[in-house]
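Just below is one structure, and these are the notes that go with it.
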Amino acid sequence: MTLDRRDFLRALSIAGAGTALAASEVAPAGALQRPPKPVSPEAIGLLYDSTQCVGCKACVASCKRANDMPPDITADQRAWNEGTWDTAKGLSGNTLNVIKVYRDGSMEQKDRETDGFAFIKRQCLHCVDPSCVSCCPVSAMTKDPETGIVSHDPDRCIGCRYCVFACPFQVPVYQYDRAFGKIQKCQLCKHRLAEGEIPACAESCPTGATLFGRITDLRAEAHRRLELQPGDTYAYPSGELGGDRGDAYAPTEKTVRVSYLPEVYGEHVLGGTQALYLAAVPFEKLGLPHGNVPDYAYAAQTEGVQHLLYKGMIAPGAVLAGLVLLARRNFGKHHHEAEED
Ligand code: SF4
Ligand code: SF4
Ligand code: SF4
């Protein structure tokens with residue numbers, strides 16, 4: 001029997017599970033090993049409103065351009081489009097941002113759960129208390145204390161892929177198809193921010209479905225929308241919220257078509273995220289962990305055990321196993337719901 005690199009790492013995680021489960025006697029299930037981390041007052045992020053998304057994928061194309069990523073052309077699409085179009089089906093080593101679609105029955109109406117369809121944008125959620133940062137044994141994954149951007153440093157990374165397995169949103173991807181692959185994930189276009197530009201996905205979105213801004217502003221905007229009723233008129237902003245780019249992003253008045261679910265996804269789930277979501281179709285149907293996930297980060301549950309294990313010179317794979325078990329238990333139930341467009 002041969003093991004490829006992915007199998008080897010999975011085996012390593014499972015081997016560590018015994019130790020992690022033993023550690024659970026030190027940390028009873030659900031007990032926090034340290035206080036949850038707060039969101040920085042200067043934190044920035046994205047607000048994605050599924051009801052405003054038209055599935056044009058301008059954000060996918062601009063993300064590729066801004067991050068110099070090659071197209072993803074799946075085998076079944078290669079013959080059809082002669083390899084000329086990007087046809088990414090999910091996040092990959094070449095794709096940091098993707099739009100997926102939920103479909104049900106006759107798909108007659110957008111943003112309806114039954115006989116309807118809806119879009120969902122997938123990229124790194126820049127968790128307030130990220131598992132990927134917590135599990136990285138060499139601090140190649142870091143979270144900026146002010147902006148909250150979660151970054152990956154390929155020069156520090158040893159390729160262990162712990163972050164891939166520990167992320168509860170299944171975001172980081174290792175470039176398995178390359179001899180010297182790297183971990184890839186959205187870094188909130190920090191290179192563009194350094195040049196005074198906003199993230200490419202927010203800049204290119206023609207409807208304002210993807211907005212960039214400070215978390216405090218984005219949360220306030222999201223809660224204003226939760227008050228809206230079908231038939232109301234609302235001035236939907238686009239591009240940057242509360243920024244200084246003025247008229248370039250003048251709001252557009254639109255009639256509200258559907259009722260929002262009464263929740264801003266990302267405000268509390270798994271300790272909070274800096275990518276926030278609004279939708280009219282249940283979040284779990286859109287492939288986001290929801291309902292049976294806690295309001296605290298898995299890292300807050302495992303990190304105390306992690307430090308104990310590190311002191312005892314036990315491999316960090318044991319900690320990874322704990323994070324993997326927690327993350328997969330919930331995400332696995334949902335991630336088949338939203339399929340590729
Ligand atoms: S979504 Fe995953 S990769 Fe992104 S910050 Fe959270 S744990 Fe890390
Ligand atoms: S912030 Fe930048 S890297 Fe992240 S999804 Fe948007 S365009 Fe892509
Ligand atoms: S650019 Fe905006 S409307 Fe188009 S797919 Fe992306 S989020 Fe949706």
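The values are calculated or read from the model by the stated rules, or taken from the named source; none is laboratory data. Being a predicted model, the structure only gives us computed values, none of them experimental. With ideal geometry, Cβ positions are generated from the backbone for all residues, glycine too; neighbour counts draw on all protein chains shown. Note: areas computed on protein heavy atoms with side chains; ligands, DNA, RNA excluded. Shrake-Rupley method; radii C 1.70, N 1.55, O 1.52, S 1.80 Å.
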Under 17 Å from the Cα of Lys254 - lysines, other chains or at least 8 residues apart
Lys110
Whole-Hz ³J(HN,Hα) from phi, Karplus 6.51 cos²θ - 1.76 cosθ + 1.60, for the stretch 150-157, glycine and proline x
9, 10, 10, 10, x, 6, 8, 4
Per 0.36 nm of contour for each residue apart, how much would the distance between Asn292 and Glu108 grow if the chain were fully extended, relative to their Cα-Cα spacing?
63.3 nm
Calculated FRET value between Thr74 and Ala235, using beta carbons and R₀ = 41 Å, to 0.05:
0.55
Met69, Met107, reordered so the largest accessible area comes first (probe 1.4 Å)
Met107, Met69
Between Arg65 and Tyr176, with labels modelled 7 Å along Cα→Cβ, what's the label distance in nm to one decimal, could you check?
3.2 nm
Across Lys64/Lys285; Lys57/Lys143; Lys143/Lys185, pairs whose alpha-carbon gap is larger than 20 Å:
Lys64/Lys285; Lys57/Lys143
Just how much of Asp76 is accessible, in Å², when a 1.4 Å probe is used and the result is rounded to the nearest 10?
100 Å²
Using a probe of 1.4 angstrom, how much of the accessible area of the stretch 86-147 is carbon and sulfur, in percent?
47 percent
Area accessible to solvent at Cys127, 1.4 Å probe radius, in Å²:
20 Å²
Put Leu96, Leu261 in order of accessible area, largest first, probe 1.4 Å, and you get Leu261, Leu96
Determine the sum of side-chain charges near Thr51: Lys and Arg each +1, Asp and Glu each -1, restricted to other residues whose C-beta is under 12 angstrom from that of Thr51.
+3
